[in-house]
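Inspection log for the structure reproduced underneath, given as structure tokens.
Taken together, the values in this text are just the output of simple stated rules run on the coordinates, not laboratory data. The structure displayed is predicted, hence computed values, not measured ones. Don't worry about glycine lacking a Cβ; one is built from the backbone with ideal geometry, like all the others, and counts go over all protein chains shown.
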Amino acid sequence: MSADNTPAKFRWLPPGLRPPEKMVWRQERVFLLVGAAAFFAGYDQNVFGFAAPQIQASLHIPENELGLTVSYFRLAAIVAMLLAASADLVGRRRLLLITICGQGLFTFATAFAPDYASFVWAQGLTRVFGYAEEMLCFVVIAEEVSQSSRGWANGTISALYYLGAGIASLMFGMISFLPYDWRALYIIGTAPLLLVAYLRRRLPETQAFVAKESVSKARSKLRETKALLHDLVHQYPARLFTILVAAGAFGFAMSSASVLQSKYLQSVFHYSPLDVNLTVIPGGFVGLGLAIASGKLSDRIGRKKLTFAIVTLAGCAFALFYSGIGGVWLPILWIISFFGFFSGDALIAGFALEIVPTNYRATVSGLRYLVEIGMGAVALGLEGRLYDHFQAHGPAVQLLLCSIPITLIAICFLPEPAGKTLEEMTA
């Protein structure tokens, strides 16, 4: 038996959160390497959300342009989608290495941005690579595990991504003690560069892509690109349209609610960075455990039922969180909304990967992400105008949650992928 085929242990996960079926060491190694990439992507992309008041004061960002600033960042999703889609032509491994390197370099550049314009450019370029990296992480995992573990796998990768966000929160709690204030948080975020050399030697290409490439390697890449896009639109129009509607409505509803949580706690309830930590860190670990458990549960009861329930739960929790309710309810609602948003996002991402063949998987993952991020950018820009009307972020965010029912309706029209192989889903 080769080393890659020895049984996997997954000892880095608590017993109840380990995979529902036996896996081999190759799968665990891929999980660890891709999970590390997802972890650092989660850190880099969430620093701004936690340190928004400090960055806002330093770079003189008006209150009604805070959401618009994140909208500028999210324009990067257009380029990121094209970058991620190229993984269907040149391979998942190569693109993942490029995205990790690019994300680390531009995160470092963000720390030294002298003004608002350069900060937006540096963060936009960071997210070109970060968004593409997140898309690819889900693609790699979907192609490396069997049908009975894909829900668990998506939940676990999502949990690792948001564990990175938790570390960003932990670092933010120490912002008063760090040199160079918020800029130190971005310097810490350059750590992924240290992974690149290791990943180059250890991360294998996915078996699904290798099998597909052996069939199509004789075709020119330009001709293959045209054929890929043509076939995707003509073979799976209903599935493609439905998943994009679900993702777009979800992104529109959830973006402002998730991005402005730390800002809301600090400005409305006067939380200090330490207070934010005391809410986010313990609650985040509870939410992460629930995210992995929910992914595992979706393999048993079905993606559609669980996604419907979790998206509904997230919408209700966010609406109550931004209602001005305080006291003991605030951290409880934060945990529920945190869990609901991240788990719902992972489940929708999983649908996009499971309902199309290997040839289109990275492309559809990129399209789903582009639409979700793009609609979120529209909502964040609109939030600034609603802030001018209400003179408060709470009611503005609540109004944007109105697109949740569109996501729920779209989910009802998607095919159920739980318990089916990728080949069965696309026969």
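Here are the numbers for this structure:
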| quantity | calculated |
| --- | --- |
| Leading residue at positive end of dipole, segment 323-427 (Cβ point charges), from L414, L400, L367 | L400 |
| For V24, distant residues with modelled amide H under 5 Å away | A8 |
| GluC sites (Glu not before Pro) within segment 51-152: DSSP coil, no more than 16 neighbouring Cβ in 10 Å | none |
| Difference of contour (0.36 nm per residue) and Cα-Cα distance, T421 to R94 | 115.1 nm |
| Residue-wise HN-Hα coupling along segment 174-183, computed from phi with Karplus coefficients 6.51, -1.76, 1.60 (Hz; x: Gly, Pro) | 9, 4, 5, 9, 7, x, 6, 6, 5, 5 |
| Globularity index of segment 316-356, i.e. its alpha-carbon radius of gyration over 2.2 N^0.38 Å | 1.52 |
| Volume per residue that the Cα convex hull of the chain spans, once the total is divided by residue count, Å³ | 134 Å³ |
| Ranking of V328, V276 by count of other Cβ atoms within 10 Å, fewest first | V328, V276 |
| Gyration tensor verdict on segment 281-427 (Cα atoms; rounded if a/c is under 1.5, prolate if a/b is larger than b/c, oblate otherwise) | oblate |
| Spatially close lysines, pair count over the chain: Cα under 20 Å, gap of eight or more or interchain | 13 |
| Order of R239, R29, R127 under a 10 Å beta carbon neighbour criterion, fewest first | R29, R239, R127 |
| Ordering of 97-110, 391-404 by burial proxy (mean other Cβ atoms within 10 Å per residue, highest first) | 97-110, 391-404 |
| Estimated 222 nm signal from helices in the chain, with DSSP H stretches of n ≥ 4 weighted -39500 (n - 2.57), rounded to 500 | -26000 deg cm²/dmol |
| Cβ charges +1 (Lys, Arg) and -1 (Asp, Glu), total dipole of the chain, debye | 1160 debye |
| Sequence of Y116, Y360, Y180 once ranked by neighbouring C-beta atoms within 10 Å, starting from the fewest | Y180, Y116, Y360 |
